[in-house]
Amino acid sequence: MPGPSQNDPGDKPLGLDQPIDRRDFLNSTLLASGGLLLGHLTPADLMAQGGEWTGYGGVGDYRNSNGNTAAVMNEAHRIRDHVFDDPSAEAVDTGETFDCVVVGGGISGLAAALFFHRQAGPGLKCLVLENHPVFGGEAKRNEFMVDGHRLFAQQGSTHFQIPFPHSYLERFYESIGMDYRQFKYQSWGGSEREIPLSRSPYQMLSIEPATYGFYFGAKFRQQPGLWLVDPWGRKLEGAPLPSEMRRELVKWHEAESKNTWAPKLPFAYPGDEVSRRYDSQTLEQVMMQEDGLSQETVRTFFAQETAGGFGLGPDALSGYCKFVWDAFYALDDTPATGWQMFPGGNAGMARLMVKTLIPDSIAGPRTLENVCRNSINFAALDRPSNPARIRLESTVVRVEHEREPEKSSFVWITYTRGGRVHKLKARSVVMAGGSWTTRHIVRDLPSSHRDAYARFYRTPYMVANVAVRNWRFLYKLGISGGRWFEGIGNWTEVRKVATFGTDLKAVGPDSPTVLTLYVAFLYPGLPPEVQGSKGRAELLSASYHEYERRIREQFDDMFSRSGFDPKRDIAGLILNRWGHAFCSPQPGFFFGKDGRPAAREVLRSAPFGRIAFSNTDLSGSPDHRTAISESDRAVGQLLDRVLTS
């Protein structure tokens with residue numbers, strides 16, 4: 001059990017001096033083994049900070065897989081640093097040949113494996129290569145044990161919506177045993193006045209009811225800070241804002257409150273003249289023109305919120321992003337009743353997919369409770385007898401046809417695992433990982449595809465999960481969630497959890513819970529590619545201890561006057577750093593620009609030789625629904641055009 005990580009006098013009141021099992025230090029062996037390269041940070045720099053970067057990973061299946069860990073980053077950066085550019089570099093041939101290899105084990109990759117397994121026919125074998133210690137991509141979870149209670153929280157991908165009963169998505173959900181009708185949530189516990197709780201970490205943010213608050217601190221010349229509870233009911237009276245900004249926001253909110261959650265699109269179909277006009281502008285321009293908001297108001301109040309869906313603020317995003325989510329028609333897309341969430345986010349969906357693909361992967365029948373609560377049988381994932389296999393901690397570094405793509409009989413896949421370089425053959429390949437790796441590891445990619453990938457911009461994000469022993473400090477304020485506009489993070493809210501994932505069937509102010517902070521890295525006004533690179537440098541250059549200190553100070557500043565004590569009340573903290581979390585669609589992304597087709601259409605239109613492309617990047621909307629549909633398309637292309645004999 002590690003002891004105190006620093007000797008700063010300010011550590012003690014924040015609880016940073018506590019010798020509790022919440023810090024998972026990088027040891028010198030790990031650092032020495034790979035030359036960990038994090039921007040300009042060297043292993044020596046990290047060791048000088050106390051040797052910590054990844055930090056505490058929690059308990060359970062995901063304890064060694066919280067976001068992009070140092071080990072994962074190290075292997076990925078070896079690709080960036082051209083370590084594997086020489087194809088003659090020694091690689092051990094495994095002697096294996098698969099009918100399909102899927103590169104990437106997130107929702108996209110798992111869906112591709114499922115579609116191939118179902119549609120390719122008996123006797124054909126599929127392998128998923130995933131670089132993390134656990135499958136799921138950003139659809140993973142964190143687990144805590146707090147005062148004897150097991151708590152879950154999402155690492156990234158969060159909730160799903162109730163689909164139409166005869167839709168493609170409903171059929172997919174049914175095929176993996178995901179029945180939203182079985183989702184029952186914790187009831188209110190105790191005799192005190194009930195206040196509404198969220199099903200997902202976005203629900204109260206989306207409606208901001210009377211039991212929601214805005215916090216204004218030093219940025220707004222409030223020392224100590226000010227909680228404004230029921231900000232919209234008060235029409236922002238008492239908010240330390242310029243009168244014009246307050247007027248703009250109240251007018252905007254009144255207009256928004258009249259809208260229903262049923263999609264109302266201002267264009268006839270995606271790609272028509274109106275939708276292209278939206279795509280030619282920034283979202284910030286659209287908000288200023290249509291909503292009457294000033295640039296300062298947009299950047300102060302909306303940038304972090306849009307970053308939660310696309311990684312960047314409205315200044316850098318296509319105006320068409322305003323309608324991307326509305327293009328997914330659902331039977332119920334309302335926050336209160338339509339949004340459904342596994343206890344650990346869409347990790348539950350990923351686990352159901354793997355249980356369907358490899359029945360022995362999780363013990364017991366394929367029920368929501370078993371798949372959520374039982375441990376992963378990692379030994380079952382890569383058994384040679386499986387028609388579908390998943391090989392974890394395998395970083396693909398080269399993908400290339402054996403000769404000219406149109407004449408090739410197979411594709412060579414080179415990957416690292418356990419400190420060694422391996423290679424195998426694939427009759428077909430689905431590239432289901434993100435654009436930032438695909439463009440580097442597909443070595444014979446034609447110039448048209450390289451040019452297309454150069455127009456995809458990925459941005460970083462961090463999801464910090466803070467386990468607290470109770471949330472009475474929020475209840476005393478009369479809120480279950482709130483927003484702030486400075487410091488680290490931007491909002492948090494208390495969730496009521498689906499009951500199949502918890503032993504606590506009721507929840508109240510004295511119940512333990514996990515509060516999630518979403519941390520974007522924004523540099524408004526700069527091009528998206530510059531914001532992305534600067535944000536990654538910021539994300540990666542700070543140690544776990546530095547982020548922990550900032551989060552504890554943030555909570556202390558906002559909640560200490562309502563009884564919060566960081567030393568007493570914080571039971572654990574997990575950081576999930578995602579260096580390339582989001583595809584951030586710039587103007588022209590969706591329908592093309594300057595006479596050029598949209599980059600995504602170049603990659604979607606047909607396989608390149610024996611390689612097809614998937615991932616949510618190609619839709620411009622980071623959503624599990626597009627992950628599934630893009631993989632369905634990619635597998636269909638391979639079966640129809642490549643694996644025809």
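The values are calculated or read from the model by the stated rules, or taken from the named source; none is laboratory data. Given the structure is predicted, the values throughout are model-derived calculations rather than measurements. Counting neighbours? That spans all protein chains shown, and the Cβs are built from the backbone with ideal geometry, glycine included.
Please verify whether T414 is in contact with a Leu (Cβ under 9 Å, 6 or more places away or on another chain), over 24 Å from A111 (Cβ atoms) and in contact (Cβ under 8 Å) with a residue 60 or more places away in the chain, treating the condition exactly as stated. So T414 passes the test. Does S157 count as at pLDDT 95 or above and among the hydroxyl-bearing types (S, T, Y)? Against the criterion (at pLDDT 95 or above and among the hydroxyl-bearing types (S, T, Y)), S157 qualifies. From the list A426, A388, exactly one residue is buried (at least 17 other Cβ atoms within 10 Å of the Cβ), closer than 26 Å to V83 by Cα and small (G, A, S). Which is it? It is A426.
If you go through region 179-220 one residue at a time, how many are assigned to a loop (DSSP other than H, G, I, E, B), of a type in the set (S, T, N, Q) and at pLDDT 95 or above? Residues in region 179-220 being assigned to a loop (DSSP other than H, G, I, E, B), of a type in the set (S, T, N, Q) and at pLDDT 95 or above: 2 in total. Residues that are among the aromatic types (F, W, Y) and within 24 Å of the chain's Cα centre (by Cα): does region 406-413 have at least one? No, region 406-413 contains no residue that is among the aromatic types (F, W, Y) and within 24 Å of the chain's Cα centre (by Cα).
Can we say A571 is closer than 23 Å to W436 by Cβ, part of a strand (DSSP E or B) and touching a residue at least 24 places away in the same chain (Cβ under 8 Å)? The answer is no for A571. Whether any residue in region 298-314 is at pLDDT 95 or above, of a type in the set (K, R) and closer than 21 Å to S206 by Cβ is what I want to check. So far as region 298-314 goes, yes, one or more of its residues are at pLDDT 95 or above, of a type in the set (K, R) and closer than 21 Å to S206 by Cβ. I'd like the full set of residues that are acidic (D, E) and under 20 Å from Q531 (Cβ atoms), limited to region 582-629. Across region 582-629, the qualifying residue is only D617. Just one of (1) in a strand (DSSP E or B); (2) out of contact with any Gly (no Cβ under 9 Å at 6 or more places or on another chain); (3) among the charged types (D, E, K, R) fails for E529. It is (1). Of all the residues in region 204-224, those that are at negative phi and either surrounded by 19 or more Cβ atoms within 10 Å (Cβ to Cβ) or among the aromatic types (F, W, Y) (or both) number 10. Of all residue pairs spaced 6 or more apart or on separate chains, those with beta-carbon atoms under 6 Å, a first member in region 278-301 that is in contact (Cβ under 8 Å) with a residue 60 or more places away in the chain and a second member that is surrounded by fewer than 18 Cβ atoms within 10 Å (Cβ to Cβ) are R299/P524. Against the criterion of being touching a residue at least 40 places away in the same chain (Cβ under 8 Å), buried (at least 24 other Cβ atoms within 10 Å of the Cβ), aromatic (F, W, Y) and in contact with a helix residue (DSSP H, G or I) (Cβ under 9 Å, 6 or more places away or on another chain), Y56 does not qualify.
Scanning region 384-397 for residues that are farther than 13 Å from V102 by Cα and in contact (Cβ under 8 Å) with a residue 12 or more places away in the chain yields N386, P387, E393, V397.
Can you tell which of R561, R600 is of a type in the set (K, R), outside any loop (DSSP other than H, G, I, E, B) and surrounded by fewer than 19 Cβ atoms within 10 Å (Cβ to Cβ)?
Just a single option satisfies the conditions, and that option is R561.
Search region 173-185 for residues that are on the phi > 0 side of the Ramachandran plot and pair each with any residue that is surrounded by 14 or more Cβ atoms within 10 Å (Cβ to Cβ) and assigned to a helix (DSSP H, G or I) when their beta-carbon atoms are under 7 Å apart and the residues are at least 6 apart or on different chains. These pairs meet every condition: G177/L352; G177/T356. Being in contact with a Lys or Arg (Cβ under 8 Å, 6 or more places away or on another chain), crowded, with 24+ Cβ neighbours inside 10 Å and aromatic (F, W, Y) holds for only one residue in F116, F84, F135, F152, and it is F152. Exactly one residue out of Y415, Y461 is out of contact with any helix residue (DSSP H, G or I) (no Cβ under 9 Å at 6 or more places or on another chain), at negative phi and either assigned to a helix (DSSP H, G or I) or of a type in the set (F, W, Y) (or both): that is Y415. Only a single criterion out of (1) closer than 20 Å to F485 by Cβ; (2) of a type outside the set (S, T, Y); (3) surrounded by fewer than 21 Cβ atoms within 10 Å (Cβ to Cβ) is not satisfied by I551, namely (3). Can you tell me how many residues within region 631-645 are buried (at least 24 other Cβ atoms within 10 Å of the Cβ) and either within 17 Å of the chain's Cα centre (by Cα) or farther than 14 Å from V429 by Cα (or both)? So the count comes out to 0. Criterion applied to W436, W491, W484 was being touching a helix residue (DSSP H, G or I) at 6+ places or on another chain (Cβ under 9 Å) and modelled with pLDDT under 95, and the one residue passing it is W436.
As a summary of the residue check, F591 satisfies the conditions (1) under 23 Å from the mean Cα position of the chain (by Cα); (2) in a loop (DSSP other than H, G, I, E, B) except for the one numbered (1). Taken together, the residues in region 199-232 that are free of Cβ contacts under 8 Å to residues at least 24 places away in the same chain and more than 28 Å from Q340 (Cβ to Cβ) amount to 5. For G319, the conditions (1) in contact with a Leu (Cβ under 6 Å, 6 or more places away or on another chain); (2) within 27 Å of A153 (Cβ to Cβ) all hold with the exception of (2).
Restricting the search to helices (runs of 4 or more DSSP H) fully inside region 272-319 and requiring at least 1 residues that are polar (S, T, N, Q) and under 20 Å from the mean Cα position of the chain (by Cα) gives 303-310.
Give L517, L522 a once-over and let me know the one that is at pLDDT 95 or above and out of contact with any strand residue (DSSP E or B) (no Cβ under 8 Å at 6 or more places or on another chain).
L522
For I574, the stated conditions hold: it is touching a Gly at 6+ places or on another chain (Cβ under 9 Å), over 23 Å from L283 (Cβ atoms) and buried (at least 21 other Cβ atoms within 10 Å of the Cβ).
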